[in-house]
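First comes the structure, then the notes that go with it.
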Amino acid sequence: MEWYPTMTLFDRTKEVANIRKLSIAEVENKAGLSEKSVYNWKRSNPKAENLEKVADVLNVSTDYLLGRTDEMNLSTTDSQKEVDIKDALEHDIMLAFDGKPISDKYKRIILELLSEEDD
């Protein structure tokens, strides 16, 4: 059995950001955090509120970022919340389809389709 070092909070955050095609600076900006604040996670633990903001931007659970689970999104009834698609599209919330981020082009198309009046 090979030994793999445990990924740190920063490592997991960076890994998911890469999967979502986001830089750490973009994640910080979308989460409303100050510049280089996520890099500080290499040395100290973030406030729970900031960890939640980053997890929301990356569409993963805080437990995943903390290394408590290897499932990016926990799908339990308690953790599910209703999200209005229009709000998500207009407020730049990370949306994904089949595990891949939805591009801005397709977000605009989805918004146009759903905004059309029913005939």
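When residues of segment 48-75 are filtered for being exposed (fewer than 13 other Cβ atoms within 10 Å of the Cβ) and in a helix (DSSP H, G or I), how many remain?
The number of residues fulfilling the criteria is 2.
Just the residues that are open to solvent by less than 70 Å² (accessible area, probe 1.4 Å) and in contact (Cβ under 8 Å) with a residue 12 or more places away in the chain, please, taken from segment 29-47.
Listed by number, the residues that qualify are Ala31, Gly32, Leu33, Ser37, Val38, Trp41, Pro46.
For a quick check of your reading of the model, give me the residue pairs whose first member lies in segment 69-89 and is of a type in the set (Asp, Glu), whose second is at pLDDT below 75, with beta-carbon atoms closer than 8 Å and at least 6 apart or on different chains.
Final answer for the pair search is Asp87/Ile93.
With touching a strand residue (DSSP E or B) at 6+ places or on another chain (Cβ under 9 Å) and either part of a helix (DSSP H, G or I) or surrounded by fewer than 19 Cβ atoms within 10 Å (Cβ to Cβ) (or both) as the only criterion, which of Lys21, Lys14 stands out?
Lys21 is the lone residue from the list that is touching a strand residue (DSSP E or B) at 6+ places or on another chain (Cβ under 9 Å) and either part of a helix (DSSP H, G or I) or surrounded by fewer than 19 Cβ atoms within 10 Å (Cβ to Cβ) (or both).
The values are calculated or read from the model by the stated rules, or taken from the named source; none is laboratory data. The model shown is predicted, which means the values in this text are computed figures rather than measured ones. Reconstructed Cβ throughout: ideal geometry from the backbone, glycine too, with neighbour counts over all protein chains shown. The protein model used for the area step is the full one, side chains on, heavy atoms only, and it has no ligands, DNA or RNA in it. Shrake-Rupley method; radii C 1.70, N 1.55, O 1.52, S 1.80 Å.
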